[in-house]
Amino acid sequence: MLQEFDGAARILNLEPGIWKILTHPKRQITVSCPIQMDNGEIEVFTGYRVQYNITLGPAKGGIRYHPGVTLDEVTALAAWMTWKCAVAHIPFGGGKGGVICDPTKMSRREIEALTRRYIAEIVDAIGPEKDVPAPDVNTDAQIMAWVMDTYSMHVGHTSTAVVTGKPIEMGGSLGRREATGRGVMIAARESAKHLGLNIKGATVAVQGFGNVGSISAELLASQVGATIVAVTDWKGGVYNPKGLDIPKLLDYVKQHKTVDGFAGAEPLAHTDLFTLDVDILIPAALENQITIDNAPKIKAKVIVEGANGPTTPDAHKYLHEHGVFVVPDILANSSGVTTSYFEWVQDRYGYFWTEKEVNERLEAKMCEAFNAVLQTSLKYRVDMRTAAYIVAISRVATVTRMRGMYA
Ligand code: GLU
């Protein structure tokens, strides 16, 4: 994160004071969450919430449950949320939360208990005006419902705007679940338009078939006529050069929890996905997937980063120098948080939009963000990632200067 920040800050000639402010997290919270497990034993889980910057508004960002969570990682992710919200042009700062746990080895009851205890431990730090969590890796709408309920019980009234990504029935927004994938589709479509590549029939490989990967694939196939030829997930992968039947694949995954073994496609090894001769590659799994070791094998012309941080800095440099058009995470997957913003607005307003209204507003916001970054990249002759940072840092820096120093 700091490496990406420095490159853009240097081009902007950012003054040292603002530079220092923007490279320090505002607040890092560590909590211990004791839970009674189903076997009667007590386990203590460590949780974090980092509010990296709140210059533009409340901290905003997801909560992840993963065995590999660290305070450093959560801090970097909270910084990324700061830049992502600024690029998306929504009035939020950046935050992130994480709990060190393996939810695949926990019962639903244990996950509920952990969620409630974690939220109770950070309850004073969050709120609609302070810090608004959302789903991230391994957290879903039901978990957000428990977040909302726990917070509401503590403050003594129902507060829907404290968290986004909730079920529709309790203040969630239509279109939120699909939003990140929809934005990835829009980013791929706009990139193709810019590069003079016909998106209809363009071939696409997708890494990860969770919320972001599966919906990106579905919308790229159904809305703009792209051909999804390959998908890999946590277990295995499938490849069909003529195009995978995505609705059938989605049905298969609902039953089997993996794409592995899907009929009508050849099996594909994880390591082979990046080497395929495709037009568009969508990494939509975890961080650090595209490295300097596999980047030289990539044949795609466009990479749209559905995940957060899927490309290492040296791999990104290599790809850019070899003419690959990379749409950076903070732009490519920003539609998730943009629709979280719409959810927060609707909750505070108490008036809800139709799915069509949500999608139209999202389309406008995503195109505005894409164009701002593209124009900046052309103006400064830099890659799209550096351009996205230039846009984000200048927006946050401008307001930091206007607000001035408190003491
Ligand atoms: N976890 C998502 C992200 O990384 C969404 C955050 C949000 O909606 O606040 O962008």
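Odds and ends about this structure:
- In segment 51-61, residue nearest to the chain's Cα centre (by Cα) [restricted to those that are within 13 Å of the ligand (Cβ to nearest atom) and either hydrophobic (A, V, I, L, M, F, W, C) or surrounded by fewer than 24 Cβ atoms within 10 Å (Cβ to Cβ) (or both)]: Ala59
Condition check ((1) of a type in the set (Lys, Arg); (2) without any contact (Cβ under 8 Å) to a residue 12 or more places away in the chain) across all residues:
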| site | (1), (2) |
| --- | --- |
| Thr339 | no, no |
| Trp344 | no, no |
| Asp347 | no, no |
| Gly350 | no, yes |
| Trp353 | no, no |
| Val358 | no, no |
| Arg361 | yes, no |
| Met366 | no, no |
| Phe370 | no, no |
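- Qualifying positions in segment 360-382 - surrounded by fewer than 18 Cβ atoms within 10 Å (Cβ to Cβ) and of a type in the set (S, T, N, Q): Asn371, Gln375
- Some residue of segment 332-351 being within 28 Å of Ala134 (Cα to Cα), in contact with a Ser or Thr (Cβ under 7 Å, 6 or more places away or on another chain) and part of a strand (DSSP E or B): no
- Residues that are of a type in the set (Gly, Ala, Ser) and farther than 18 Å from Ala187 by Cβ, drawn from segment 283-306: Ala295
- Within segment 383-399, the set of residues being crowded, with 18+ Cβ neighbours inside 10 Å, of a type outside the set (Lys, Arg) and within 25 Å of Gly17 (Cβ to Cβ) comprises Thr386, Ala387, Ala388, Tyr389, Ile390, Val391, Ala392, Ile393, Val396, Ala397.
- Residue count for segment 316-349 under the criterion of being within 11 Å of the ligand (Cβ to nearest atom), within 29 Å of Leu378 (Cα to Cα) and touching a strand residue (DSSP E or B) at 6+ places or on another chain (Cβ under 7 Å): the result is 2.
- Candidates are the residues of segment 161-176 that are in a helix (DSSP H, G or I) and surrounded by 20 or more Cβ atoms within 10 Å (Cβ to Cβ); the one that is nearest to the ligand (Cβ to nearest atom) is Arg176.
- Residue count, segment 228-238 (criterion: closer than 21 Å to Ala188 by Cα and touching a Ser or Thr at 6+ places or on another chain (Cβ under 9 Å)): 5
- Just one of the listed residues (Gly243, Gly309, Gly323, Gly261) is over 22 Å from the mean Cα position of the chain (by Cα) and closer than 30 Å to His89 by Cα, and it is Gly323.
- In segment 295-315, the residue that is nearest to the ligand (Cβ to nearest atom) out of those that are touching a residue at least 60 places away in the same chain (Cβ under 8 Å) and among the aliphatic types (A, V, I, L, M) is Ala307.
Results for (1) free of Cβ contacts under 8 Å to residues at least 60 places away in the same chain; (2) surrounded by 24 or more Cβ atoms within 10 Å (Cβ to Cβ); (3) more than 13 Å from the ligand (Cβ to nearest atom), shown as yes or no for each residue.
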residue: Lys84; (1), (2), (3): no, yes, no
residue: Ile90; (1), (2), (3): no, no, no
residue: Ile100; (1), (2), (3): yes, no, yes
residue: Arg109; (1), (2), (3): no, no, yes
residue: Thr115; (1), (2), (3): yes, yes, yes
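- Filter result for Lys193 (charged (D, E, K, R), over 15 Å from Val304 (Cβ atoms) and either assigned to a helix (DSSP H, G or I) or touching a residue at least 12 places away in the same chain (Cβ under 8 Å) (or both)): no
Every read-out reported here was derived from the displayed coordinates using simple, explicitly stated rules and does not represent laboratory data. On a predicted model such as this, the values are computed, not experimentally measured, just so you know. All Cβ positions, even for glycine, are placed from backbone atoms using ideal geometry, and neighbour counts span all protein chains on display.
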